[in-house]
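Before we start, here is the structure in question, set down as structure tokens.
The values are calculated or read from the model by the stated rules, or taken from the named source; none is laboratory data. Quick caveat: nothing in here was measured; it's all calculated off a predicted structure. With ideal geometry, Cβ positions are generated from the backbone for all residues, glycine too; neighbour counts draw on all protein chains shown.
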Amino acid sequence: MIHLYTGDGKGKTTAALGLLVRAYGAGLSCLFVQFLKGAPTSELAVLDKLNIPYIRTDDVKKFVAFMDAEELGACRESHRDCFKKLTGLMGRHAFDCVVLDEILDAVSLGMIQQEELLAFLDREKGRTEIVLTGRNPGDKILKLADYVTEMKKIKHPYERGVAARKGVEY
């Protein structure tokens, strides 16, 4: 089935990783794919320890809104490569659970084409438990999803000027 964790609140990636760890603990084969995050995040250390494979984009050095044309092109290419690796790996291995972290934002920013994601979901639905995270899912993705959970920000330390903290936000 397809799970969708969306909204403007904290917890989308955290919830997706929780499901991935639960699936892994039940003996399922898992894959984590991370889009739009350039700096190593703390969850990758746990995935390494658990021997859960992951793929991630490698050319995201800052927020897309602050990229110049050259940086944006490199970032877009990195996302295309990451998505290509994902589809290639899925063609060679039967994963039971796959998390596509920040894929919805990658689509809304034009890094991944929505049609490519929809084709992937159509192909894998019924074979793989797929978790999508991010903001602003399109109507087609919402319709295709079996679970939709919205994280709503009520209050966040950023509003008080508190920077992201290692182990909590990354």
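Which condition does A39 not pass, out of (1) in contact with a strand residue (DSSP E or B) (Cβ under 9 Å, 6 or more places away or on another chain); (2) touching a residue at least 60 places away in the same chain (Cβ under 8 Å); (3) exposed (fewer than 14 other Cβ atoms within 10 Å of the Cβ), if it passes all the others?
A39 satisfies all of (1) in contact with a strand residue (DSSP E or B) (Cβ under 9 Å, 6 or more places away or on another chain); (2) touching a residue at least 60 places away in the same chain (Cβ under 8 Å); (3) exposed (fewer than 14 other Cβ atoms within 10 Å of the Cβ) except (1).
Continuing with this model, one more query. Could you look through region 117-132, keep only residues that are out of contact with any His (no Cβ under 9 Å at 6 or more places or on another chain) and in contact (Cβ under 8 Å) with a residue 40 or more places away in the chain, and pick out the one that is surrounded by the fewest Cβ atoms within 10 Å (Cβ to Cβ)?
Out of the qualifying residues, it is K125.
Let me ask something else. Which residues, counting only those in region 147-170, are loosely packed, with under 12 Cβ neighbours inside 10 Å and in contact with a Ser or Thr (Cβ under 7 Å, 6 or more places away or on another chain)?
K166, G167, listed by residue number.
Matching residues to (1) touching a helix residue (DSSP H, G or I) at 6+ places or on another chain (Cβ under 7 Å); (2) β-branched (V, I, T); (3) closer than 21 Å to L28 by Cβ:
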residue: D58; (1), (2), (3): yes, no, no
residue: K85; (1), (2), (3): no, no, yes
residue: H93; (1), (2), (3): no, no, yes
residue: L117; (1), (2), (3): yes, no, no
residue: I130; (1), (2), (3): yes, yes, yes
residue: A145; (1), (2), (3): no, no, yes
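For region 64-73, name all the residues that are loosely packed, with under 10 Cβ neighbours inside 10 Å and hydrophobic (A, V, I, L, M, F, W, C).
Answer for region 64-73, where residues must be loosely packed, with under 10 Cβ neighbours inside 10 Å and hydrophobic (A, V, I, L, M, F, W, C): A65, F66, A69.
Would you mind stating whether V60 is at pLDDT below 95 and either assigned to a loop (DSSP other than H, G, I, E, B) or buried (at least 17 other Cβ atoms within 10 Å of the Cβ) (or both)? Quick ask: steps written out before the conclusion?
Details: at pLDDT below 95: yes; either assigned to a loop (DSSP other than H, G, I, E, B) or buried (at least 17 other Cβ atoms within 10 Å of the Cβ) (or both): yes.
Answer is yes for this residue.
Can you name every residue in region 149-170 that is under 11 Å from K10 (Cα atoms), assigned to a helix (DSSP H, G or I) and at pLDDT 85 or above?
none
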